[in-house]
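**Q** What follows is a single structure, and I will ask about it in a moment.
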Amino acid sequence: MNSLVPLVGTIALLGSALVGGVFFAFSSFVMKALARVPSSEGIGAMQSINVDVINPSFLGAFMGTALLSLGVVVLVLLTHGHPSIPQ
């Protein structure tokens, strides 16, 4: 149990960084590129993105990170003040 909190926390941290990078890339250049094309083409491209984003790799990273983060909270609450875990 001693190494479980840091391990799960590190995995959740890396997953959060990955998902944050995806959101940063999307807002930095995908949305700007969509704004440059005519509205009908931008709508079509965005609808295509919305269909393709529903896949196991993205949803696994997105939802898995959220679940791992909740797991870290639960682990910390359960082990907080436990004598075998240094504070």
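Since every read-out is calculated from the coordinates, none of them should be taken as a lab result. Every value quoted in this text rests on a predicted model; they were computed, and no experiment measured them. Cβ sites come from the backbone with ideal geometry, for glycine too, and all protein chains shown count toward neighbours.
**Q** Which residue fluctuates the most in the chain, going by a Gaussian network model with Cα springs under 10 Å, if the choices are Gly60, Gly44, Gly20?
**A** Result for the chain, Cα springs under 10 Å: Gly44 fluctuates most.
**Q** Ranked from highest to lowest mean number of other Cβ atoms within 10 Å per residue, what is the order of the peptides 26-34, 47-55, 11-19?
**A** So the peptides 26-34, 47-55, 11-19, ranked by packing, come out 11-19, 26-34, 47-55.
**Q** Right, here's the next one. Using 0.36 nm times the number of residues separating Leu13 and Leu67, minus their current alpha carbon distance, what extension gain do you get?
**A** Difference between extended and current length: 18.2 nm.
**Q** Taking every pair of distinct Cα atoms and averaging 1/r, then inverting, what Kirkwood hydrodynamic radius in Å comes out for the stretch 4-75?
**A** Details: mean 1/r = 0.0723 Å⁻¹.
Mean inverse Cα-Cα distance, inverted, gives 13.8 Å.
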